[in-house]
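Structure, as structure tokens:
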Amino acid sequence: MSRKRSICLIFHISLYLVLVNGDYYSATSELERLLDVEAFIVEKFEEYLDRAQQEQDNIKRFLDQVEKLQPDHDDLEGYFGNPLNAFTTIRRLVYDWKYNVFEPIFNTTNLEDYKSSISGGLKTIDFKGPNEEDLKGATRGLLRLQNIYQLPTAQLANGVLAGEKNQLNISLSASDCLELGTNLCEMQEYSYGSEWLLEARKKINEDSLGFISPNVTDVEILEKLIPAFYHLGNLKLANKLNNEILEKESDHEEALRNKVAYEAILAKERNHRPRKPSALSEPNKKEAKESYQLYKRVCRGELRQSPRQQRKLRCLFSHQNVAFYRLAPFKVEQLNLDPYVAYFHEAINSSEMEQIIEKGLGSMERSRVGQSQNATTSEIRTSANTWLWYNENPWLSKIKQRLEDITGLSTESAEPLQLVNYGIGGQYEPHFDFVEEPQKVFGWKGNRMLTALFYINDVALGGATAFPFLQLAVPPVKGSLLVWYNLHRSLHKDFRTKHAGCPVIKGSKWICNEWFHEGTQVFKRPCGLSSDEGKFLHFENK
């Protein structure tokens, strides 16, 4: 490949990394391409370094570090299952390549002759690189893990997830911690943000990979840390740290202004004039909801069913009144009797699971919440999904028949299969599967009567399906089908079925959903003779 073409391709990618958002943080399925692009960039720059002697030493060191960080491509799912690997990979593509390679080369090298030849090429490149929004999305994912599972910042910074040993020898650099702390403070998460900024201070002298990211100084960290402590109401500590900046840089303009302001406020406090409470102290509406608090406790394993609640639950073989399965019955594990929740183990085989994932790759899009035209992306649901239609995929016929056999319901009014992949800290906050106006949304099909959820891979840590009001967390078991009824026998909404997807701590979570509707089920599951409309209404808005 010619030198001119190599530089053009490199410049193509550098611009695309900055300009286009790939939404990589919302699903691990999108992350593998980043490593392919990094490997490509390493290859092209190794060719170009022969003609760039002035920058060769620094860039070579950077490339060596990236190559050391490249994982075994035979286990990319396991590699990106660790959220720290996902975060640092995105960060390298957003910042480190730009500051350590692209800017030093392109700012000192005349590439004007090449720019005109690549202007049209940008439109034809399929790769969509991560940008700052992906990095902030990854930050929000790590925040969810800390918040839900109460992970200590110091352990997470050193690569320890949920008490496990750091088997992969991964740790975040000072600049990684600074990035996390800065992003969290911008989100007004000052408590977690200050912890990450303090970790950045610790790691300045410890960072063995300091070259991999732009240099970080103590003053840069203090500039972010001081406002965090101020917003947390710790003005004395903010003032002390502000004085540390002035000891290092006596002419620091912002620190000089802060010194005057902080000392004036402290003087008023000494005269018993308390500061006006910050609006940030107001309770978070989401955190205040009972279902959200229960959800966090269920995900952490703090809240679970008592032996008394479980005493009538059974594991059994069942043919579900289907003659074929009298010889090879389903393995059923009851998890709750009212409302009914159960596992059907080994309900889908390995080849089917692989085919489902293979079919979905390439068509995954960021998951939305809401119905039809009003559906939007939201941090309530961080995942990517696609739809698999039965009429377009004849190979799904066996799975379709198996779902009918297991549930005893008809798929005539069912939705297509929904394939979902969860990314960094991927979750789905507490929600109902039924809708308020089923006729308006689903027409003759009616509301979602039953949910059937295939787990199509094992998840190393986290990722359970939580039922806050049932005190039930269902861990993902590969090949199993989780089923539950969303409606009472009278077809009224059962508000006890509020459920959520706990954040994935480590691993990649793939599930496949099917929703059975009321329509066409009249002879499959006849309505009860009494109304359940008034039951459990107190759970509706909790």
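Each value in this text was obtained by applying a stated rule to the coordinates, not by laboratory testing. All values derive from a computational prediction rather than experimental measurement. Neighbour counts run over all protein chains shown; Cβ positions are idealised from the backbone, glycine included.
If you plug each phi of region 156-161 into the Karplus form 6.51 cos²θ - 1.76 cosθ + 1.60 with θ = phi - 60°, what whole-Hz ³J(HN,Hα) values come out, in order, with x for Gly and Pro?
Each residue's phi maps through the Karplus curve to give 5, 5, 9, x, 9, 10 Hz.
With each pseudo-label sitting 7 Å past Cα toward Cβ, what's the Lys240-Ser191 distance in nm, one decimal?
2.1
Once amide H atoms are placed 1.01 Å from N in the peptide plane, what residues at a sequence separation of 5 or more from His492, or on another chain, have their amide H within under 5 Å of its amide H?
So His492 has HN proximity to Asp532.
Can you work out the Karplus-derived ³J(HN,Hα) for every residue in region 313-328? Use 6.51 cos²θ - 1.76 cosθ + 1.60 with θ = phi - 60°, whole Hz, and x for glycine or proline.
Result, ordered by residue: 6, 9, 10, 8, 9, 9, 9, 6, 6, 10, 4, 4, 8, 5, 8, 9 Hz.
How far apart, in nm, are the 7 Å Cα→Cβ label points at Ser351 and Ser490?
Between Ser351 and Ser490, the label points sit 4.9 nm apart.
What order, most packed first, do the peptides 492-499, 313-320, 383-390 have when packing is the mean number of other Cβ atoms within 10 Å of each residue? Walk me through the intermediate numbers first.
Details: 492-499: 22.5, 313-320: 12.5, 383-390: 18.2.
The densest-packed peptide leads the list: 492-499, 383-390, 313-320.
Would you grab the residues whose amide H sits under 5 Å from the one on Leu417? Only those 5+ places off in sequence or on another chain, please, with H modelled 1.01 Å from N.
Correct list: Leu388, Tyr390.
In region 427-489, which trypsin sites (Lys or Arg not before Pro) fall in coil by DSSP and have 16 or fewer other Cβ atoms within 10 Å? It would help to have the intermediate numbers written out before the result.
Details: sites: Lys440, Lys445, Arg448, Lys478, Arg489; in loops: Lys478, Arg489.
In loop regions of region 427-489 (DSSP not H, G, I, E or B), the sparsely surrounded trypsin sites (Lys or Arg not before Pro) are Lys478, Arg489.
Please give, to one decimal in nm, the separation of the simple spin-label points placed at Glu290 and Asn147, each 7 Å out from Cα toward the Cβ.
Computed distance between label sites Glu290 and Asn147 equals 2.2 nm.
Which whole-number percentage describes the relative contact order of region 355-504, with Cα contacts under 8 Å and a sequence gap of 6 or more? Before the final figure, lay out the partial values.
Values: 244 pairs, mean separation 33.1, N = 150.
Once normalised by length, the contact order is 22 percent.
Can you put Tyr422, Tyr192 in order of Cβ neighbours within 10 angstrom, beginning with the fewest? Don't skip to the answer; put the middle values down first.
Numbers: Tyr422 31, Tyr192 20.
Listed from fewest to most nearby Cβ atoms, that is Tyr192, Tyr422.
Sorting Val504, Val101 on the 10 Å Cβ count, fewest up front, what's the list? It would help to have the intermediate numbers written out before the result.
Details: Val504 30, Val101 22.
Ordered from fewest to most neighbouring Cβ atoms within 10 Å, Val504, Val101 come out as Val101, Val504.
Would you please give the FRET efficiency between Phe536 and Glu436, computed as 1/(1 + (r/R0)^6) with r the Cβ-Cβ distance and R0 = 25 Å, to the nearest 0.05?
Details: r = 16 Å, r/R0 = 0.65.
It comes out at approximately 0.95.
Pop out the ³J(HN,Hα) list for region 509-517 in order, Karplus 6.51 cos²θ - 1.76 cosθ + 1.60 with θ = phi - 60°, rounded to Hz; leave Gly and Pro as x.
10, 10, 9, 9, 9, 9, 10, 8, 9
Please order Trp484, Trp444, Trp196 by the number of other Cβ within 10 Å, starting at the fewest. Write down the numbers at each step before the final one.
On the way: Trp484 24, Trp444 11, Trp196 32.
Ascending number of Cβ neighbours within 10 Å: Trp444, Trp484, Trp196.
Please list the non-local residues whose amide H lies under 5 Å from the amide H of Leu335, H modeled 1.01 Å from N, same-chain partners needing a gap of 5 or more.
HN-HN under 5 Å from Leu335: Val341, Ala342, Tyr343.
Determine, from the Cβ-Cβ distance of Asp57 and Val260 and an R0 of 45 Å, the FRET efficiency 1/(1 + (r/R0)^6), rounded to the nearest 0.05.
Details: r = 45 Å, r/R0 = 1.01.
Taking R0 as 45 Å, the efficiency between Asp57 and Val260 is 0.50.
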